[in-house]
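The values are calculated or read from the model by the stated rules, or taken from the named source; none is laboratory data. The structure presented is a predicted model; accordingly, all values stated were derived computationally and were not measured. FYI the Cβ positions are ideal-geometry reconstructions off the backbone, even for glycines, and counts take in every protein chain you see. Note: areas computed on protein heavy atoms with side chains; ligands, DNA, RNA excluded. Shrake-Rupley method; radii C 1.70, N 1.55, O 1.52, S 1.80 Å.
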Amino acid sequence: MELRSKVPAGPLAEQWERHRSEIKLVNPANKLKHRILVVGSGLAGASAAASLAELGYNVACFCFQDSARRAHSIAAQGGINAAKNYQNDGDSVFRLFYDTVKGGDFRAREANVYRLAQISVNIIDQCVAQGVPFAREYGGLLANRSFGGVQVSRTFYARGQTGQQLLLGAYQALSRQIALGKVTMYPRSEMLDLVVVDGRARGIIVRDLVNGRVSAHVGDAVVLATGGYSNVFYLSTNAKGCNVTAIWRAHKRGAAFANPCFTQIHPTCIPVAGHHQAKLTLMSESLRNDGRIWVPRRKGDTRSPNEIPDDERDYYLERLYPSYGNLAPRDIASRRAKEVCDEGRGVGPGGHGVYLDFRDAIARLGREVIAERYGNLFEMYQRITAENPFEVPMRIYPAPHYTMGGLWVDYNLMTTIDGLYAIGEANFSDHGANRLGASALMQGLADGYFILPYTMGDYLAQGTLDKLDPAHPAFRRTQAEVSDRVDKLVAAGGRKSVDAFHRELGRLMWDQCGMSRTAAGLRQARDRICALREEFWRDVYVGGTGEDFNQALEHAGRVADFLEFAELMCHDALHREESCGCHFREEYQTPEGEAKRDDARFGYVAAWEFAGVGVAPVLHQEPLEFAAVHPAQRSYK
């Protein structure tokens, strides 16, 4: 396996424009002859499918939801970044680029991040043209707010439902192409394997989740836009269906997996209420614009928050990071919340919570202004907790949210398998070791609307692909392997539910490979994962049949993949003997408790090659070189 980033030569600010001018093109008549398979219909997948179809390609789009509109992108709340500088507060393409690289603790590819910052300004224009109802100021201009890790206001938003509105925009573009016959939609279809022929991705194997039928689909290229893998922790802010299956199966077929241990813990989530819970709820980072985070100064203080005077409160982020205050980056805000709770100053049941208080903002701006900005978020919080945030502070605690790791891709977003692309959260490329808030939507739409439609043609124009059909031996063999695996899961006659295994794996990963990690804990987790995986295949109970609607079977297949992937995640975390961004090894920290990088030993992307289940993966390194910025110790003080 060889990692060729294909980053263009020349000045950073000119690379993307030059690359677009030099890559090969497919003429309009020939585009009609190509079929592209897009797996996933969220922001990245829907925008890619719509854009490729608009160019003339024939597109098949697959999603496991009953409608493309129900992709998890709909859950994004706070906003989308763009370097428009509408606030005239000093923002620029370079500042967005630098904030993103610094926020990721200098573990992202510089050229990809700069391109993302450049394209950000086009995304807003595209979405406004689609009719996305961004918030506007009194005079009609688009409004902005701030997110963590920055000192400007560059985030465009639609109250607390930005992801939903952006997805509706992408969905209407996709629907237009469906109506024109350029996109064929396959809902309730889950990709269970990738078909590789002569080193090229030529198709996928999917299972119809309604009738259980396993089928093969042939294409000239495959695009994975299947999101992240935070559900490896069981409890996360992700929808319950989010999984690692598509990118993990691609990894097992030869796609390198980059930085799997880079997983983001979001600081503002509703705390766990009890063992009955199967999911956690995100409270948008945008709330940190006006909410102040604090805990009691005294350990074990159980008074009502409104009874605790200001001089007995510790606004710890404002104290530790005066320049950024409550808008410190997510990884830092999460670790500090854990720290004060571990000291015994946490609030709420079990002491696993900190306060997010809007008292001062309400007094300054008025209740109506706060309701206008965050009304749906306040309502959601009150429905879940039976507490009114207008009257008492919210209680929040960190939770798994986003994954910066993913399939390794080059500058064209192609993986190490020719013809296989990964976009959005499914790849590793833009966020390094920590994603800044409001950048996920930006990356998903940049990849789908503005990058992949250009770079796809460069691959397709380079040669003639053989005509294949599902009767090809490689398709028949892969389809048989998928069917055998489904039959094996159904036939397992154990005593434990799939959910029981998933819950135990999630607890293990949260404890040993979550917000903080140690070498001893990671080794212990890796050994236990291997044992748990063997126990799963020996003692899991699925029930039902494979020829019918069977949600236990769906879950079982995803958990089986998590049990393989979790071992790689721990292996990567153990290998990276440094702390950077969300990867916090307790052995490697500054005297102030901040992450301590080791650029000399680990200034690279760790791309892992699959060597077999239970076998140590093979490491490939892509050195990270910086021309426009100089890696330095992050400081937000």
Of the heavy-atom accessible surface of region 477-612 (probe 1.4 angstrom), what whole percent is carbon and sulfur? 47
Spin-label proximity, ALA13 to region 84-111 - amide N less than 20 Å from point 7 Å beyond Cα toward beta carbon: 84-102, 110-111
Report the Cα centroid-to-centroid distance between region 531-577 and region 444-484 in angstrom, as an integer. 26
Selection from MET456, LEU436, ALA480, by position along the positive dipole direction of region 366-485 (Cβ): ALA480
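Quick check on region 415-495: what does the Kirkwood estimate of hydrodynamic radius come out to from the alpha carbon pairs, in Å? Mind showing how you got there, number by number?
Details: mean 1/r = 0.0601 Å⁻¹.
When all Cα pairs of region 415-495 are included, the Kirkwood radius is 16.6 Å.
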For ARG597, distant residues with modelled amide H under 5 Å away: SER579
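So if R0 is 25 Å, what FRET efficiency would SER215 and GLN551 give, r being the distance between their Cβ atoms, rounded to the nearest 0.05? Kindly include the intermediate steps, with their values, before the conclusion.
Values: r = 20 Å, r/R0 = 0.79.
For R0 = 25 Å, the calculated efficiency reads 0.80.
Stokes-Einstein D for region 197-280 at 4 °C, 1.567 mPa s, Kirkwood Rh over Cα pairs, in µm²/s? Mind showing how you got there, number by number?
On the way: Rh = 15.6 Å.
Diffusion coefficient, whole number: 83 µm²/s.
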What is the magnitude of the charge dipole of region 67-122 about its Cα centre, with +1 placed on the Cβ of each Lys and Arg, -1 on the Cβ of each Asp and Glu, and no other charges, expressed in debye to the nearest 20? 300
What whole-number value in Å² describes the accessible area per residue of region 532-609 for a 1.4 Å probe? 36
Using alpha-carbon positions, what is the distance between the centroids of region 277-321 and region 581-637, in Å? 31
Along the principal axes of its C-alpha atoms, what lengths does the chain span, in descending order and rounded to whole Å? 74, 59, 48
Which trypsin sites (Lys or Arg not before Pro) from region 116-217 combine a DSSP loop assignment with at most 15 other Cβ atoms within 10 Å? ARG213
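Calculate, for region 102-254, the solvent-accessible area per residue in square angstrom, rolling a 1.4 angstrom probe over the heavy atoms of the protein chains. Could the numbers behind the result be given before it?
Numbers: 4620 Å² over 153 residues.
Normalised by residue count, the accessible surface of region 102-254 is 30 Å².
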Keeping the other protein chains in place, figure out the carbon and sulfur percent of the accessible area of region 132-182, with a 1.4 Å probe. 51
Identify all lysines with a Cα-Cα distance to LYS182 below 22 Å; exclude those on the same chain that are fewer than 8 residues away in sequence. LYS31, LYS33, LYS467
The helix 498-513 Cα axis meets the longest alpha-carbon principal axis of the chain at an angle in degrees, between 0 and 90 and rounded to 10, of 60
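Per residue, how much accessible area does region 267-400 have with a 1.4 Å probe, in Å²?
Working: 5730 Å² over 134 residues.
I get 43 Å² per residue for this part.
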Long-range amide H partners of MET394, meaning residues 5 or more apart or on another chain whose placed amide H is closer than 5 Å, are LEU356, PHE358
Under a 5 Å amide H to amide H cut-off, with H placed in plane at 1.01 Å, what residues pair with ASP193 once short-range neighbours are removed? ILE205
Relative to the longest principal axis of the C-alpha atoms of the chain, give the angle of the C-alpha long axis of helix 110-130, reported between 0 and 90° and rounded to the nearest 10°. 90
Ordered by residue, what ³J(HN,Hα) values in Hz, to whole numbers, does region 364-372 give under the Karplus form 6.51 cos²θ - 1.76 cosθ + 1.60, where θ = phi - 60° and Gly and Pro are x? 7, 9, x, 4, 5, 5, 5, 5, 5
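Per 0.36 nm of contour for each residue apart, how much would the distance between SER323 and ARG20 grow if the chain were fully extended, relative to their Cα-Cα spacing?
Numbers: separation 303, 0.36 × 303 = 109.08 nm, distance 3.91 nm.
Value of the extension gain: 105.2 nm.
Hey, with R₀ at 60 Å, roughly what FRET efficiency would ALA531 and LEU141 work out to, going by the Cβ-Cβ distance, to 0.05? Present the calculation step by step, with values, prior to reporting the outcome.
Values: r = 59 Å, r/R0 = 0.98.
For ALA531 and LEU141, the calculated efficiency is 0.55.
Can you give the net charge of the other residues whose Cβ lies under 10 Å from the Cβ of ALA135, counting K and R as +1 and D and E as -1? Each step should come with its number before you reach the end.
Numbers: positive: ARG136, ARG145, ARG159, ARG373; negative: GLU137, GLU372.
Result for the local shell: +2.
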Using the beta-carbon distance between ALA474 and ALA239 and R0 = 35 Å, what value does 1/(1 + (r/R0)^6) give for FRET efficiency, to the nearest 0.05? 0.60
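Multiply the residue gap between TYR541 and ALA600 by 0.36 nm, knock off their C-alpha separation, and tell me the result in nm, one decimal place.
Working: separation 59, 0.36 × 59 = 21.24 nm, distance 4.82 nm.
That works out to 16.4 nm of additional length.
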Quick one: grab Rg to one decimal and Dmax as a whole number for region 267-400, Cα atoms only, in Å. 13.9, 40
What distance in nm separates the two pseudo spin-label positions at ASN376 and ARG176, each 7 Å out from Cα along the beta-carbon direction? 2.3
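May I ask you to list the GluC sites (Glu not before Pro) in region 504-566 that are in a DSSP loop and have at most 13 other Cβ atoms within 10 Å of their Cβ? Don't jump to the answer; show the numbers that get you there.
Values: sites: GLU504, GLU534, GLU535, GLU547, GLU554, GLU564; in loops: GLU547.
Those satisfying the criteria are GLU547.
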ARG495 paired with ALA611, simple spin-label distance in nm, labels 7 Å along Cα-to-beta-carbon: 3.7
Along principal axes, largest first, the alpha-carbon spread of region 1-131 in whole Å comes out as 44, 37, 35
From phi via Karplus (6.51, -1.76, 1.60), per-residue ³J(HN,Hα) for region 530-542 in Hz, x at Gly/Pro: 4, 5, 5, 5, 5, 5, 4, 5, 8, 10, 7, 10, 9
For region 72-137 and region 188-236, distance of Cα centres in Å: 30
One would report the Cα pair-distance distribution of region 108-222, bin width 10 Å, in %, as 11, 25, 28, 24, 11, 1
Taking 0.36 nm per residue of separation and subtracting the Cα-Cα distance, what length does fully extending GLU307 through GLU592 add? 99.5 nm
Within region 576-608, what residues put their amide N at less than 15 Å from the label point 7 Å along the Cα-to-Cβ vector of LEU3? 576-577, 599-608
19 Å Cα-Cα reach of LYS496 towards aspartates and glutamates, excluding residues that sit fewer than 8 places from it in its own chain: ASP487, GLU504, GLU534, GLU535, ASP539, GLU554, ASP561, GLU564
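Convert 37 °C to kelvin, take the viscosity as 0.692 mPa s, use the Kirkwood radius over C-alpha pairs of region 477-612 as Rh, and evaluate the Stokes-Einstein diffusion coefficient in µm²/s, rounded to a whole number. Don't skip to the end; give the middle numbers.
Details: Rh = 16.8 Å.
In µm²/s, the coefficient rounds to 196.
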Report, in listed order, any pair from LYS84/LYS240; LYS596/LYS637; LYS84/LYS338 with a Cα-Cα distance greater than 24 Å. LYS84/LYS240; LYS84/LYS338
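Counting only protein heavy atoms and a 1.4 Å probe, tell me what percentage of region 267-400's accessible area is made up of carbon and sulfur. All intermediate terms of the calculation are to be shown ahead of the outcome.
Values: 2830 of 5730 Å².
The nonpolar share, carbon plus sulfur, comes to 49 percent.
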Projecting each Cα onto the charge dipole of region 504-552 (Lys/Arg +1, Asp/Glu -1 at the beta carbon, about the Cα centre), which of GLY544, GLY521, LEU532 comes out farthest on the positive side? GLY521
What is the dipole size for region 477-612, taken about its Cα centre, with +1 at each Lys and Arg Cβ and -1 at each Asp and Glu Cβ, in debye to the nearest 20? 220
Filter the GluC sites (Glu not before Pro) in region 385-470 to those in DSSP coil with at most 16 other Cβ atoms within 10 Å of their Cβ, and list the result. GLU387, GLU391
